[in-house]
1. Amide H to amide H, which residues 5 or more places from residue 33 or on other chains are under 5 Å from it, using H placed in the peptide plane?
2. Using the C-alpha gyration tensor of the chain, what are the square roots of 5 times its eigenvalues, in whole angstrom, with the largest one first?
3. Of the residues 33, 54, 62, which exhibits the maximal mean-square fluctuation in a Gaussian network model of the chain defined by a 10 Å Cα contact cut-off?
4. Tell me what the chain gives for mean residue ellipticity at 222 nm when only DSSP H runs of n ≥ 4 count, each as -39,500 (n - 2.57), the sum divided by the residue total, rounded to 500 deg cm²/dmol.
Amino acid sequence: MKVAEAKHMSRVKQMQCLICARFEDTGEPTEVHHVAEGSGLRSNWSVVPLCVEHHRGATGFHSGPRQFLMRYRPPGESEYGLLTWLIQDLQEAA
């Protein structure tokens, strides 16, 4: 992994969970979720912060992507909509 990628992933991991920020505001620590549909290659530039619950918990992305997208409705109702929310949050923090 290149230095710039590592810095980006570290910055994203320090952010609040995208779902908590919009719906629950729990302040839980986050994990980095790689955004990619299907079994394609994952890019370290296409990552978003999700808390444990929203990443791999009962209401998390990895417990049922379709249900997750229907429940939280990111832009485009697609996993890639999480990147839109990330960009918005990065802009607000700047």
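1. Amide H neighbours of residue 33: 48, 50.
2. 19, 16, 13
3. Of 33, 54, 62, the Gaussian network model singles out 62 as fluctuating most.
4. -11000 deg cm²/dmol
Read-outs throughout are calculated quantities, based only on the coordinates presented, and are distinct from any laboratory measurement. Everything numeric here is computed off the predicted structure, so don't read it as measured data.
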